[in-house]
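Each remark here refers to the structure printed beneath this line.
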């Protein structure tokens, strides 16, 4: 839970010093100020985009994503990198209309929820946009979910239809035994699921009527991915048509987006390895890719040879990565300057990236590939990106148009200068409406003034670039001093024998907490090697007093975020 100080903080607090300045920083309790003073203070400390606000779309999401689709009609929109099956833009639009018509024949109507439990495939966006085009809400499911996790999301979202895939058939079969509510099941291909219909048969059925996209209100919910937010179990994040459409336009602004629209003579290709159920794959790859007329090469799972061959064969210029994929490119013999010769830009998000890693990749490729880090979360979609021609390694870029941000003290919740480390709060047109059926979690995340508290600790440098330091709940407190796990991780990763590392705080009788590192290595090394490497690089309270543990693999999400809760279970076990 985010800390909210309900007592009035002192008017003047000069006990701390700003991290990025040598002079004391004055912290004012906005609760103790007059209305005029409060407005003046906020106008001084609140960060706004250097790009003027855009006029944002307000209609059905499909109109934004496929606004230019008629220009790309005969070009390939989606192609499976494994099977080769593909759809042109015209065929995708036809499939969307057919799926929308099918939903109406089932009695699925505006406001109902359907779940998609599939890995990336050419059919995924047909179901996704076909549903949202007629006001049906889509809740994407992580295809790695167990039957128990699948059922939990189906129950919580109230889904009336499930679209699955043969690769997750086992979890669906087991889940349906537990899920007692009537549920339509559609499988992408033949399956053993009792009563399931075949998605391919539906899309090819000439008796099913086509359905045009309906008019919707910008506030109508289009999608509901699940996120743990700043704390707790996964919660349904209600994202409106307006929020998603706005974010597509904001991310495509020429000041930030390096991908160009397809033309008669050239079509970009995206190797879509980031999962579509996650907002990074959903927005950066799928929605922007389709809006730009790119050829989206879908991969249901990461397979090294397939991924590299896909990039090389299709002359992919723009890669979308998360830290584990970046790590793969650095260390894999398959990823060479030759096989990646077409790559000009690498977009990285979902988790902080170490500058040493990006520098290692550039050195391997022997040329200056543009590294473009981004920042966002399910609750606010994308808010920051490195500008298209202003690389700044180790930052999450500048605010997108129409976005405002501020930094607040992690202990008191009071507004502080944006150049000081604190919790990042944002206001954006692409903010979630709420957490599904969870007023308490919503109120704890979006305050009474409309600011969404991200739970991420960071600051803006003097040029307006955001630097995320850590999660507020993950900071280690050693004798009252804050220690950033990601700071220690970045240092340890620079050891030549270290592949990956996760740092967390473990209980200590004397200090309260002390840092411990869980390390994945290339070759066998000793604990003292890690200690000697880091001890000269950090202050005494940041040393690995909790020890070093060597493990084979760190627990992570498919998008590369370290699962610290799983690491904590290991520590406590």
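Grab the beta carbon distance between residue 180 and residue 105, set R0 = 22 Å, and tell me the FRET efficiency rounded to 0.05. Present the calculation step by step, with values, prior to reporting the outcome.
Values: r = 25 Å, r/R0 = 1.12.
Efficiency, rounded to the nearest 0.05: 0.35.
Measure nothing fancy, just the Cα-based angle from helix 355-365's long axis to the longest principal axis of the chain, in degrees from 0 to 90, nearest 10.
Helix 355-365 sits roughly 50 degrees off the main axis of the chain.
Restricting the calculation to Cα positions, tell me the Rg (one decimal) and the Dmax (whole number) of segment 422-502 in Å.
16.3, 49
Out of all DSSP beta bridges in the chain, what portion is antiparallel? Express it as a percent rounded to 5. Intermediate values should be presented prior to the final figure.
On the way: 51 of 85 bridges.
Bridges in the chain that DSSP calls antiparallel: roughly 60 percent.
Based solely on C-alpha atoms, express the radius of gyration and the Dmax of the chain in angstrom.
Every Cα atom of the chain included, Rg and Dmax give 24.0, 74 Å.
If one takes the longest principal axis of the Cα atoms in the chain, at what angle in degrees, from 0 to 90 and to the nearest 10, does the Cα axis of helix 169-178 lie?
90 degrees
Run a plain Debye calculation on segment 270-317 (Cα atoms as equal point scatterers, no solvent) and give log10 I(q)/I(0) at q = 0.16, 0.19, 0.32 Å⁻¹, rounded to two decimals, same order as the q list.
After summing over all Cα pairs, the log10 values are -0.41, -0.57, -1.20.
Any chance you could run the full-extension gain for residue 549 through residue 524? It's 0.36 nm times the residue separation minus the Cα-Cα distance, nm to one decimal. Kindly include the intermediate steps, with their values, before the conclusion.
Values: separation 25, 0.36 × 25 = 9.00 nm, distance 1.22 nm.
Result: 7.8 nm gained on full extension.
Need the full-extension length gain, residue 461 to residue 233, defined as separation in residues times 0.36 nm minus the C-alpha distance. One decimal, nm. Walk me through the intermediate numbers first.
Working: separation 228, 0.36 × 228 = 82.08 nm, distance 3.34 nm.
Residue separation times 0.36 nm, minus the Cα-Cα distance, leaves 78.7 nm.
If only Cα atoms are counted, what is the Rg of segment 231-317, and what is its Dmax, in Å?
Rg then Dmax for segment 231-317, in Å: 14.8, 50.
Give me the one-decimal nm value for the distance between modelled label points at residue 53 and residue 302, 7 Å along each residue's Cα-to-Cβ direction.
Placing both labels 7 Å beyond Cα along the Cβ direction yields 4.0 nm.
Give the share of C-alpha pairs in each 5 angstrom bin for segment 404-550, from 0 to the last occupied bin, in whole percents, shortest bins first.
Pair shares across the bins are 2, 9, 16, 16, 15, 13, 12, 9, 5, 2, 0.
In deg cm²/dmol and to the nearest 500, what is the mean residue ellipticity at 222 nm of the chain if only DSSP H runs of at least 4 residues count, each as -39500 (n - 2.57), divided by the residue total? If you can, show how the numbers build up before the last one.
On the way: 16 runs with 148 residues, N = 573.
Helix contribution divided over all residues of the chain: -7500 deg cm²/dmol.
Could you state the angle between the C-alpha long axis of helix 304-313 and the longest principal axis of the C-alpha atoms of the chain, as a value from 0 to 90 degrees rounded to the nearest 10?
Tilt relative to the chain: about 70 degrees.
Quick one: Cα centre-to-centre distance for segment 302-346 and segment 81-105, in angstrom?
So the two Cα centres are separated by 28 Å.
How much length is gained on full extension from residue 332 to residue 68, taking 0.36 nm per residue of separation minus their Cα-Cα distance? Write out the running numbers ahead of the final one.
On the way: separation 264, 0.36 × 264 = 95.04 nm, distance 3.81 nm.
Stretched fully, the residue 332-residue 68 segment lengthens by 91.2 nm.
Express in % the proportion of alpha carbon pairs of segment 261-370 at distances exceeding 21 Å.
Details: 1893 of 5995 pairs.
More than 21 Å apart: 32 percent of the Cα pairs in segment 261-370.
Could you compute the FRET efficiency for residue 565 and residue 263, with r as their C-beta to C-beta distance and R0 at 45 Å, rounded to 0.05?
Once the sixth-power term is evaluated, E becomes 0.45.
Can you give the FRET efficiency to the nearest 0.05 for residue 344 and residue 393, using r as the Cβ-Cβ distance and R₀ = 22 Å? Intermediate values should be presented prior to the final figure.
Working: r = 16 Å, r/R0 = 0.74.
Step by step, r from the Cβ atoms, then E = 0.85.
Can you compute the label reach from residue 437? Point 7 Å from Cα along the Cβ direction, backbone N cut-off under 19 Å, restricted to segment 78-113.
Within reach of a label on residue 437, which here means backbone N under 19 Å from a point 7 Å along Cα→Cβ, segment 78-113 contributes 109-113.
If you take the square roots of the eigenvalues of the alpha-carbon gyration tensor of segment 475-572 and sort them as a ≥ b ≥ c, do you get rounded (a/c under 1.5), prolate (a/b over b/c) or oblate?
Details: a/c = 1.68, a/b = 1.17, b/c = 1.44.
Taking the square roots of the gyration eigenvalues as a ≥ b ≥ c, segment 475-572 is oblate.
Read-outs throughout are calculated quantities, based only on the coordinates presented, and are distinct from any laboratory measurement. In this text, all values refer to a predicted model and were calculated from it rather than measured experimentally. Every residue, glycine as well, gets a Cβ built from its backbone with ideal geometry; the counts of neighbours run over all protein chains shown.
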